[in-house]
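Student: Got a structure here, written out as structure tokens. Questions coming.
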Amino acid sequence: MSQASRPVSPGTRPPGAADDAAASRYIRKLFTDVAGRYDLLNHVLSFQVDRYWRRATARKFRATLDRPEARVLDLCCGTADLTIALARGSRASIISSDFCHPMLTQAREKLERQKIAPLGAEADALQLPFADETFDLVACSFGFRNLANYRAGLREILRVLKRGGEVGILEFGTPRGFPLGPLYSFYFHRIVPTAGEWISGVKGAYSYLTRSVDRFPEPEQLETWMREAGYAEVSRREMTGGIAVLYCGTRAAQ
């Protein structure tokens with residue numbers, strides 16, 4: 001979908017969701033339904049490349065993760081794959097947060113198996129139960145797209161960031177150019193929904209995935225919203241030809 005034709009959505013809008021509250025309810029139920037197969041789906045459908053994207057995100061913020069006094073939030077953590085990438089070699093304190101209880105349960109069990117002391121918080125990303133200026137880093141992998149209101153989510157992240165703190169939002173993008181663009185579009189729109197439904201056993205779960213990516217703002221739009229929310233040093237890094245994009249920013253020190 002071209003930038004000109006892509007709708008600029010205030011947030012995710014699943015089928016039948018007329019407002020933010022309905023969208024949130026849909027997302028919570030969807031991820032409750034797929035929690036047991038979520039890891040398998042991610043790794044199979046991405047051919048394991050999602051692991052590389054998360055490791056690359058952790059490398060980007062290594063200076064913060066190396067600080068023993070730093071506090072880090074993995075927002076919309078899902079089953080904690082990003083937490084594990086961030087924790088590898090880290091000296092920082094990391095909290096994993098998600099508003100879907102079954103996903104957070106999976107996350108805690110996985111972290112325990114990885115010998116990582118789980119610090120979990122069941123919380124809505126739009127109403128975080130943390131004080132202002134709590135974290136040195138807020139990172140999110142493939143969860144921001146599911147927020148009912150993107151601009152409100154950016155403001156809430158900024159609120160809990162310390163001055164000088166960093167944000168990293170890893171999300172799906174839309175690769176351009178030949179042959180990757182057409183090949184990826186065919187795989188993502190034709191193969192992924194069918195394979196995802198077959199593996200998860202949840203009808204429509206991965207049709208939502210493709211629609212949510214198609215509706216997500218263009219990179220330039222999201223960067224504009226980040227600047228308008230008050231972020232400085234806004235930038236992005238495209239990975240694997242633009243299939244994934246890491247959006248970065250900081251909260252001004254003053």
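The values are calculated or read from the model by the stated rules, or taken from the named source; none is laboratory data. The shown structure was predicted, so the numbers you read here are calculated from the model rather than taken from an experiment. As a convention, Cβ positions derive from the backbone with ideal geometry for all residues, glycine included, and neighbour counts pool all protein chains shown.
Student: May I ask you to list pairs of residues, at least six apart or on different chains, whose Cβ atoms are under 6 Å apart, with the first in region 63-75 being under 18 Å from Phe99 (Cβ atoms) and the second being hydrophobic (A, V, I, L, M, F, W, C) and assigned to a loop (DSSP other than H, G, I, E, B)?
Tutor: What qualifies is Leu75/Ala125.
Student: So, one more: For Ala117, are the conditions met, namely being surrounded by fewer than 19 Cβ atoms within 10 Å (Cβ to Cβ), more than 12 Å from the chain's Cα centre (by Cα) and without any contact (Cβ under 8 Å) to a residue 12 or more places away in the chain? Outline the logic, then answer.
Tutor: On the way: surrounded by fewer than 19 Cβ atoms within 10 Å (Cβ to Cβ): yes; more than 12 Å from the chain's Cα centre (by Cα): yes; without any contact (Cβ under 8 Å) to a residue 12 or more places away in the chain: yes.
Yes.
Student: Pairs please, first residue from region 12-32 and farther than 18 Å from Val213 by Cα, second anywhere and modelled with pLDDT of 90 or more and part of a loop (DSSP other than H, G, I, E, B), Cβ atoms under 6 Å, 6+ apart in sequence or on different chains.
Tutor: Matching pairs, first to second residue: Thr32/Cys100.
Student: Still on this structure: Test Ser96 against the criterion of being touching a helix residue (DSSP H, G or I) at 6+ places or on another chain (Cβ under 9 Å), in a loop (DSSP other than H, G, I, E, B) and crowded, with 17+ Cβ neighbours inside 10 Å, and give yes or no. Step through it out loud before you land on a result.
Tutor: Working: touching a helix residue (DSSP H, G or I) at 6+ places or on another chain (Cβ under 9 Å): yes; in a loop (DSSP other than H, G, I, E, B): no; crowded, with 17+ Cβ neighbours inside 10 Å: yes.
For Ser96, the condition - touching a helix residue (DSSP H, G or I) at 6+ places or on another chain (Cβ under 9 Å), in a loop (DSSP other than H, G, I, E, B) and crowded, with 17+ Cβ neighbours inside 10 Å - is not met.
Student: Mind listing whichever residues of region 125-135 are more than 9 Å from Val160 (Cα to Cα) and touching a Leu at 6+ places or on another chain (Cβ under 9 Å)?
Tutor: Our first condition is that a residue be more than 9 Å from Val160 (Cα to Cα); within region 125-135, this holds for 125-127, 129.
Residues satisfying the conditions are Ala125, Leu126.
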